[in-house]
Amino acid sequence: MSNQCSEKREELDKLTQQTISALDSQAAELKHQYEGYQQVLQNNYDASATILNNNYRNNVVNLTNNIKIARQIGLAMLEETQEELESLQATRNAAVEAARREKELEQSPDNFRIPLTEEELSDIRYLESIKGKLFHKEILGKLIWSVFFQSKVKQLGIKLCGDSPLCGIYKITDLATKEVYIGQSVNIQRRWVDHVRCGVGADVAPHTNMLYAAMRRDGL
């Protein structure tokens with residue numbers, strides 16, 4: 001009876017030991033699977049975090065660039081608007097000045113013509129009367145220009161346009177017929193001198209030019 005109990009106890013101990021060993025193996029396997037699953041989760045998290053971080057940085061860069069571009073566009077539009085406004089203002093000022101001068105021309109035409117005395121006009125008419133007898137007619141034109149017109153034309157140009165070269169559109173009015181000549185130049189004062197020189201015959205000008213023909217006909 002005692003031997004049988006011993007055998008049963010040994011079998012029980014052996015079975016218990018096998019059970020414990022199986023449970024230990026199963027626990028180790030589960031631990032290994034858990035650690036593997038945990039590592040996969042960590043890797044997925046790290047990858048997702050990296051992607052999100054890169055996306056965030058890219059979005060920040062894109063947003064910054066878009067803000068810069070929008071600012072540049074806004075500044076360009078503002079500058080263009082400012083230029084248009086200044087152009088409109090300059091056009092308005094030019095129109096106001098032109099209207100003022102038109103009124104002044106009607107009221108005080110002498111302020112816009114070359115101031116010649118009766119004696120000077122008489123001398124000019126006499127010189128013009130003998131011009132047809134000369135072979136080199138431009139010599140007489142240069143004389144008339146240098147004696148009667150040169151300094152006065154310069155003074156009138158400064159009076160109307162100032163000392164500095166003036167770029168723009170100008171108008172010459174024939175006070176006798178009210179006909180007008182519209183011109184454009186980068187230096188109106190210089191162009192005015194050229195017109196008068198041609199008008200008095202100091203420089204050769206086409207006979208078909210209506211402005212110079214009117215100057216010769218109606219005087220300056």
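The values are calculated or read from the model by the stated rules, or taken from the named source; none is laboratory data. Everything numeric in this text was worked out from a predicted model, so none of it was measured. Cβ placement follows ideal geometry from the backbone for every residue including glycine, while neighbour counts extend to all protein chains displayed.
A few points about this structure:
- Residue within segment 196-212 that is modelled with pLDDT of 85 or more, charged (D, E, K, R) and farther than 14 Å from Ile114 by Cα present: yes
- Residue in segment 72-84 that is in contact (Cβ under 8 Å) with a residue 24 or more places away in the chain, part of a helix (DSSP H, G or I) and not polar (S, T, N, Q) present: no
- In segment 97-138, residue farthest from Val180 (Cα to Cα) [restricted to those that are in a loop (DSSP other than H, G, I, E, B) and among the β-branched types (Val, Ile, Thr)]: Thr117
- Condition met for Asp174 (surrounded by 11 or more Cβ atoms within 10 Å (Cβ to Cβ) and within 14 Å of Leu220 (Cβ to Cβ)): yes
- Condition check for Asn93: surrounded by 10 or more Cβ atoms within 10 Å (Cβ to Cβ), out of contact with any helix residue (DSSP H, G or I) (no Cβ under 6 Å at 6 or more places or on another chain) and modelled with pLDDT of 85 or more: no
- Residues satisfying the stated conditions in segment 47-81, i.e. under 33 Å from the mean Cα position of the chain (by Cα) and of a type in the set (A, V, I, L, M, F, W, C): Val60, Val61, Leu63, Ile67, Ile69, Ala70, Ile73, Leu75, Ala76, Met77, Leu78
- Within segment 177-205, the set of residues being surrounded by fewer than 15 Cβ atoms within 10 Å (Cβ to Cβ), touching a residue at least 24 places away in the same chain (Cβ under 8 Å) and among the aliphatic types (A, V, I, L, M) comprises just one member, Val204.
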